[in-house]
Amino acid sequence: MPNSQDKNSSGKILGGKQMKPSVPKVSIPRIRGKSSWRGFIIYAILGLIFFGFFVFTSGSSTRFLPNKPLSQMIADIRDNKVEKIEIDGDRISVKLKDGQVYTSRKEENQSLFAALEAAKVDPTATAIEVRDRTFSQAWITILTTLLPLGLMVFFFFLIFRQAREGASSVFSFGQSRARQFTRDMSKITFADVAGVDEAKQELQEVVDFLKHPEKYRAVGARTPKGVLLVGPAGTGKTLLARAVAGEAGVPFFSVAGSEFMEMLVGVGAARVRDLFAQAKKTAPAIIFIDEIESIGRMRGLGFSGGHDEREQTLNQILVEMDGFAPNDNVMVMGATNRPDLLDPALTRPGRFDRRVVLDLPDIEGRKAIIKIHMKGKPFDKEVDIESLAKRTVGYSGADLANMLNEAAILAARDLRREINNLDLEEAATKVKLGPQRKRMQSEEERKMTAYHEAGHAVAAHYLPHVDPVHRISIVARGITGGHTLVPPSVDRYTETKTRLLERIATLLGGRAAEELIFDEFTTGAASDLEIASTLAREMVTEFGMSDLGPTIFAPRPQFGVWPTLMGEGGQVSPELAGKIDGEIAKIIDNGHKKAQEILQKHRAKLDLVAGTLLEKETLERDEFERLVGKPVSDGETKFKKAHLIKTARA
């Protein structure tokens, strides 16, 4: 059975059943390319020499001629058929008057003239030519003597050359692997980035610092030494760095944090030194280190002591960014989605002076991102960017780009020239849940799945603070066997206790429907229970939303490591842990009872939705609302209406 699998603000999925870079300064690739061509030419010449030597020594001019015995040749001479005879050592080439040519062979020390006289044939009856082999024999002797010696010398030359290159490559370990970009190489500019306006403004100031430093020095300002880009995956950190490379007009060195690491101790630090040395030679310059947490983790937490390779690399970065040596004209940009792992010495002012936070785009940001990625794609006139932006609350920039690309693929698959709303809806669902899967199900399983999803949808519809149901389906997708989509109708950055409790009740609507209709439980609610339990635990231990009061009980990780892993004890006593478990169980139990009450009260609607799902498999929002009635326009209005009713009753 499908399970709910998404619990973030990107949209509640309920009841889901389960730049052209330049060549690095290290010119080894170019040298190897030339060496390969030079080697090819040398081997080709050697092959030709061997072939010529073979032809020369094997007498290839007569190699493929028919061979006849000496008696046949004597008979042809006697019959006056022979026009010319050529003698080359023990080989005899015979040309007949009718144009045929064949070869024969005599004894090494035997004279042909003597053989003819012995056969009583006049040697003067035909033209006989004897070749002088002195010159050819001398060359054969020279080649057979000197060629093997030359080949041995060439072989040892190649061995020593490879050894010399191997030795030089050992010293190249300490050279930086960073790729240098110029303004002409990067095609990305700030115009290609949307949805992160505040971050763009911060970085545009950095670019202006580098382009017009005198304007800031006139008022005593200095260029920031470091800018740290922080945000979830897909929000555009690397894209912003590429835009800076395209806008800055100064050398831009790009490297991943993992490229500093090698199995040899000290290599990472050497590469850091070499990278900053290159940047200082071309200053002003920018160094961009992607996934900086791979080398910037908190020191002292490893198991390999203070001389760990990662710590040596981090120490060298700290010194280069803000040590005794001045470093005013080289700015470092770092990108990470785990800022809690970074060492405090790295993130302090003076090293990373600015922390630019990138978050999921709001509705205006999503509209701008959609417009950028719509370029070059034909869309139907009915496609509304405003509606699409509202539908994709919680999507990152990467999600939106992928969604539009998937929609274009769907249109091309159906041989259509325009992308329509159905393509976009299918693509949006595919990005979050995966593609549709065709699998055989028994009627019993289909019925259970239909009631499970209908339970989520009906519970969400009649709860006052839950957003409207967007889609219900019993079609399998990805790891799910069905899904109920309840995406947020507006961008929210905080949640209320009431909304969280009602969300838990909605999550448990599938289990409540199974219990109500079949008096049975299925494994399809496993993911629903997992998400509901996690949410309830967070309410008690992190949000202070329980009868235990506004206190945080969960142990917080320090620099990415939980206290229990550091040898410290838990932060709660066994008695308090029992109370926490009791509060969690109470929240889950109340949510389950709330879902049961709604489904029992609206049993007819539940049966109607489940029956329609068995018939159509998928229900969109308008079809669902025709079955159960029109809800309040959106979640915010529902919240206000419920608040007014509660106030009036009070």
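Of all residues in segment 327-376, those satisfying the criterion of being in contact with a helix residue (DSSP H, G or I) (Cβ under 8 Å, 6 or more places away or on another chain) and among the basic types (Lys, Arg) are ARG338, ARG351, ARG354, ARG355, ARG366, LYS367, LYS371.
Consider PHE559 carefully, then state whether it is surrounded by 15 or more Cβ atoms within 10 Å (Cβ to Cβ), aromatic (Phe, Trp, Tyr), at pLDDT 70 or above and out of contact with any Cys (no Cβ under 8 Å at 6 or more places or on another chain).
Details: surrounded by 15 or more Cβ atoms within 10 Å (Cβ to Cβ): yes; aromatic (Phe, Trp, Tyr): yes; at pLDDT 70 or above: no; out of contact with any Cys (no Cβ under 8 Å at 6 or more places or on another chain): yes.
Taking the combined requirement at face value, the residue does not satisfy it.
Of the residues contained in segment 376-396, one or more are found to be within 27 Å of ALA256 (Cα to Cα), out of contact with any Gly (no Cβ under 7 Å at 6 or more places or on another chain) and not assigned by TED's automatic domain parsing to the domain that holds GLY249. Among the residues of segment 397-419, which ones are more than 27 Å from PHE190 (Cβ to Cβ) and either under 24 Å from the mean Cα position of the chain (by Cα) or in the same structural domain as PRO488 (by TED's automatic domain parsing) (or both)? Within segment 397-419, ILE409, LEU410 meet the criteria.
In segment 434-448, the qualifying residues are those that are in a loop (DSSP other than H, G, I, E, B) and loosely packed, with under 11 Cβ neighbours inside 10 Å, and the one that is modelled with the highest pLDDT is SER442. Quick test of your reading of the structure: THR498 fulfils all but one of (1) polar (S, T, N, Q); (2) crowded, with 24+ Cβ neighbours inside 10 Å; (3) assigned to a helix (DSSP H, G or I). Name the failing condition by number. With (1) polar (S, T, N, Q); (2) crowded, with 24+ Cβ neighbours inside 10 Å; (3) assigned to a helix (DSSP H, G or I) applied to THR498, the lone miss is (2). Taking the numbered list (1) part of a loop (DSSP other than H, G, I, E, B); (2) modelled with pLDDT of 75 or more; (3) among the polar types (S, T, N, Q) in turn, SER304 passes all entries but (2).
Only residues that are polar (S, T, N, Q) and in contact with a Pro (Cβ under 8 Å, 6 or more places away or on another chain) were counted in segment 335-359, giving 2. Scanning segment 353-387 for residues that are modelled with pLDDT of 85 or more and in contact with a Lys or Arg (Cβ under 8 Å, 6 or more places away or on another chain) yields LEU358, ILE363, PRO378, ILE385, GLU386.
Close contacts from segment 203-221, counting a first residue that is closer than 14 Å to VAL250 by Cα and a second that is of a type in the set (D, E, K, R) and loosely packed, with under 14 Cβ neighbours inside 10 Å, with Cβ to Cβ under 8 Å and a gap of 6+ residues or different chains, come to ASP208/LYS215.
When the residues of segment 367-406 are narrowed to those that are assigned to a helix (DSSP H, G or I) and β-branched (Val, Ile, Thr), which ends up nearest to ASP467 (Cα to Cα)?
The qualifying residue nearest to ASP467 (Cα to Cα) is ILE385.
Picking from residues in segment 268-292 that are surrounded by fewer than 18 Cβ atoms within 10 Å (Cβ to Cβ) and hydrophobic (A, V, I, L, M, F, W, C), the one that is modelled with the lowest pLDDT is ALA283.
If the requirement is being surrounded by 23 or more Cβ atoms within 10 Å (Cβ to Cβ) and more than 30 Å from LYS601 (Cβ to Cβ), which of these qualifies: ASP414, ASP423, ASP467?
Working: ASP414 fails: surrounded by 23 or more Cβ atoms within 10 Å (Cβ to Cβ); ASP467 fails: more than 30 Å from LYS601 (Cβ to Cβ).
Answer to the selection: ASP423.
Take GLN600 and decide whether it is at pLDDT below 90 and either assigned to a loop (DSSP other than H, G, I, E, B) or not small (Gly, Ala, Ser) (or both). Answer is no for this residue.
Whether any residue in segment 566-582 is in contact with a Leu (Cβ under 9 Å, 6 or more places away or on another chain), modelled with pLDDT under 50 and either surrounded by 14 or more Cβ atoms within 10 Å (Cβ to Cβ) or in the same structural domain as LEU463 (by TED's automatic domain parsing) (or both) is what I want to check. Yes, that holds for at least one residue. Between ILE552, ILE474, the distinction of being β-branched (Val, Ile, Thr), at pLDDT 85 or above and assigned by TED's automatic domain parsing to the domain that holds HIS452 belongs to ILE474 only.
Might you check whether a residue that is in a helix (DSSP H, G or I) and at pLDDT below 70 occurs anywhere in segment 174-191? Walk me through how you get there before you give the answer.
In the first step, residues of segment 174-191 are kept if they are in a helix (DSSP H, G or I); the result is 174, 190-191.
When the remaining residues are screened for being at pLDDT below 70, the result is 174.
Yes, that holds for at least one residue.
So which of GLU198, GLU205, GLU259, GLU214 ends up being more than 20 Å from THR347 (Cβ to Cβ) and modelled with pLDDT of 80 or more? So that I can check it myself, show each step before the final result.
Working: GLU198 fails: more than 20 Å from THR347 (Cβ to Cβ); GLU205 fails: more than 20 Å from THR347 (Cβ to Cβ); GLU259 fails: modelled with pLDDT of 80 or more.
Checking each option against the conditions leaves just GLU214.
Considering ALA513, ALA476, ALA525, the condition of being touching a strand residue (DSSP E or B) at 6+ places or on another chain (Cβ under 9 Å) and either farther than 19 Å from VAL458 by Cα or buried (at least 16 other Cβ atoms within 10 Å of the Cβ) (or both) is satisfied by ALA476 alone.
The values are calculated or read from the model by the stated rules, or taken from the named source; none is laboratory data. Remember, predicted model here, so these are calculated numbers, not experimental data. Cβ sites come from the backbone with ideal geometry, for glycine too, and all protein chains shown count toward neighbours.
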